[in-house]
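Comments concern the structure below.
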Amino acid sequence: MDRVVQGQVRVPPFQRALKWDAADVRKLLDSVWRGFPIGTLLLWKRTTPAEAQTLQLGPVRIDAPQSAEALWVVDGQQRLTALTGTLLHPPPDYGLPPDDFEFYFDLEKEAFVRRAIRNKPLPNWLPMWEVLDSARLLKWLRAHGNALNEETEARAIELGKSFREYQVPGIVVESDSDEVLREIFARTNSAGRPLTQDDIFHALYAARPGETPKGLDEMAAALADLRFGDARELPLRQTVLVVQGVDPTRPVKELSLDKDSLRGAMAKATQALRRTIIFLKKDARIPHVRLLPYSFLVVPLVRFFDWFPQPRPRSRDLLARWLWRTSAAGTLRGGAPPLRAAVRAIVQDNEEKSVQALLTLVSHEKPSFSISTRFDPRTAESRMAALALLAQDPVDLDQGTPLDIETLLLDQGPSLFARVFLQSPLGMKIEPGALANRFVYRGTEGVPLQKLLQVLAQSHSERLSGHIVPEHARVALARGDWKGFFAHRTEALARHVEIYVSKRARWGETDRPSLAALIAEANE
């Protein structure tokens, strides 16, 4: 940003016009806030000085002098313009609509927001152009102290620090020929696959020959016998970091870790993950990784089971409540800050205090939530709905025999939840992705399943009961009334899923520690 202000960053003529809108800018800001990588900048430096010119980067106008140190942006123009436009944004005219770069950080909701037309921002909305300079940020905090509290002030300081210290890797190519740069630009934007954070982590910290585990893939392989699905779908890198005592939300490029101790942490994380997965299957009733509402739930759990390998039954019960309450409330949907809070809640040498601290992070009262009528196995809501369906012990629709759900999930994954209709029937507003359009079925979906259900509706209603088909829905199905069938089943499913989630979360019940802990506390 200093180079931008000094006019040392230029845009070559072959760059495309600015394509990003406010939604793209918001995602970029959120990535920086969470410490996510935003890619590498490719810059060109030529031996001849850059001429003086007026630069326009979003709403920011810069009179750039002649410079022998100028860097031309070959790849990263959209990102650089977005950062410049938000972090160096001129004071806005509140009588005009906001442009795509006028962003604020809501210190209460921890979200990047924009104001409505001709409205002023709320007092707890921190303008993003105040965060880069710590003196300006402190001045803003003093001016808005009445609208803030200790927590929101700390959050503002954390936001400023995260942006000031965020590093974007860059590559500088020196050449006098812009043809070379055009070719590099074309190849950069049309070929190759970027490295992931896990790829970088493996490259930096993989074990030497003969050591185990060698890396994240080996960790996952060591857990295969638990029949929980592919453990590589879990945040393995973050579990290693949390066992090592490192903030699991930090990007790899910011880490400087001792390789020997980190490899020891991999072995410890593998064992803690094993205990965590057993807990998920036995206590939380989650049989497969792809039915875990939020994968990052395992990170604080790994820390807990690393420090407390054999917790009391009461602790396991309360942990299961915390997991389901957190899933229903979507607490970990917010990214890095909620995850850090959950990790910090777990303190060494005090099992009961750790569990109680986790429970305080989510409401003890039942939240206002509704079950989506749409089934998307990538979402937490649909995964909870799938778990509620499986909890009824549905039988094989063809044979009426019990289903080996664990094996079927390993073999079929989410495709186990087959569709009755593959597309919306004529004259019916039935979405193929609707929850009521899904059945736990190991056969072929579509027409074969439609015919089977109609046969069962006539003579085997007991097979349908475990699939949440109430009597009204069965009768409608027997008459060929698919519209009525889906309406009745949708209502029954919503009620069933809500009851099941409430049963697992146990809102309103006492969350007291174990009796042993209470007695020990009384004796103290």
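In table form, for the structure just shown:
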| read-out | value |
| --- | --- |
| Ratio of Rg to Rh over the stretch 231-308 (Cα coordinates, Kirkwood Rh, two decimals) | 0.98 |
| Global size of the stretch 438-519 as Cα Rg and Dmax, reported in angstrom | 18.7, 62 |
| Interchain or long-range residues, amide H under 5 Å from V9's placed H | L71 |
| Rg over Rh [alpha-carbon atoms, Kirkwood Rh] for the stretch 363-478 | 0.97 |
| Principal semi-axes in Å for the stretch 4-114 [√(5λ), Cα gyration tensor, largest first] | 27, 17, 11 |
| Relative exposure of S424, S261, judged by other C-beta atoms within 10 Å (fewest first) | S261, S424 |
| The stretch 405-457: trypsin sites (Lys or Arg not before Pro) in DSSP coil with no more than 11 other Cβ atoms inside 10 Å | K429 |
| Value at 222 nm in deg cm²/dmol, rounded to 500, when DSSP H runs of n ≥ 4 in the chain each add -39,500 (n - 2.57) | -14000 deg cm²/dmol |
| Per residue convex hull volume, Cα atoms of the stretch 2-187, in Å³ | 121 |
| Cα-based Kirkwood hydrodynamic radius, the chain, one decimal, Å | 26.9 |
| The stretch 247-273-the stretch 379-397 distance, computed between alpha-carbon centres (Å) | 35 |
| For the stretch 6-60, convex hull of alpha carbons as volume per residue, Å³ | 132 |
| For the stretch 390-403, Karplus couplings with θ = phi - 60° (6.51, -1.76, 1.60), whole Hz, Gly/Pro x | 5, 5, 7, 6, x, 8, 4, 5, 6, 9, x, 9, x, 9 |
| Distance cut-off 13 Å, percentage of C-alpha pairs in the stretch 358-414 lying past it | 72 |
| Amide H contacts under 5 Å for V173, placed H, 5+ residues apart | L43, W44, K45 |
| Share antiparallel - DSSP beta bridges, the chain, percent rounded to 5 | 75 |
| Sparse-neighbourhood loop sites, trypsin sites (Lys or Arg not before Pro) in the stretch 102-176 - DSSP loop, at most 12 other Cβ within 10 angstrom | K109, R118 |
| Of K120/K353; K282/K483; K282/K429; K282/K353; K27/K282, pairs whose Cα-Cα distance is over 32 Å | K120/K353; K282/K483; K282/K429; K27/K282 |
| A111 long-range amide H proximity, modeled H, under 5 Å | D106 |
| Kirkwood Rh in Å, taken over the stretch 197-360 so that all alpha-carbon pairs contribute | 15.9 |
| Derived scalar couplings ³J(HN,Hα) [the stretch 133-142; Karplus, 6.51 cos²θ - 1.76 cosθ + 1.60; whole Hz; x for Gly, Pro] | 9, 4, 5, 5, 5, 5, 5, 5, 4, 5 |
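Any read-out appearing in this document is the output of simple, stated calculations on the displayed coordinates, not a laboratory observation. Predicted model, so just to flag it, every value in this text is computed and none were measured. All Cβ positions, glycine included, derive from the backbone under ideal geometry; neighbour counts span all protein chains shown.
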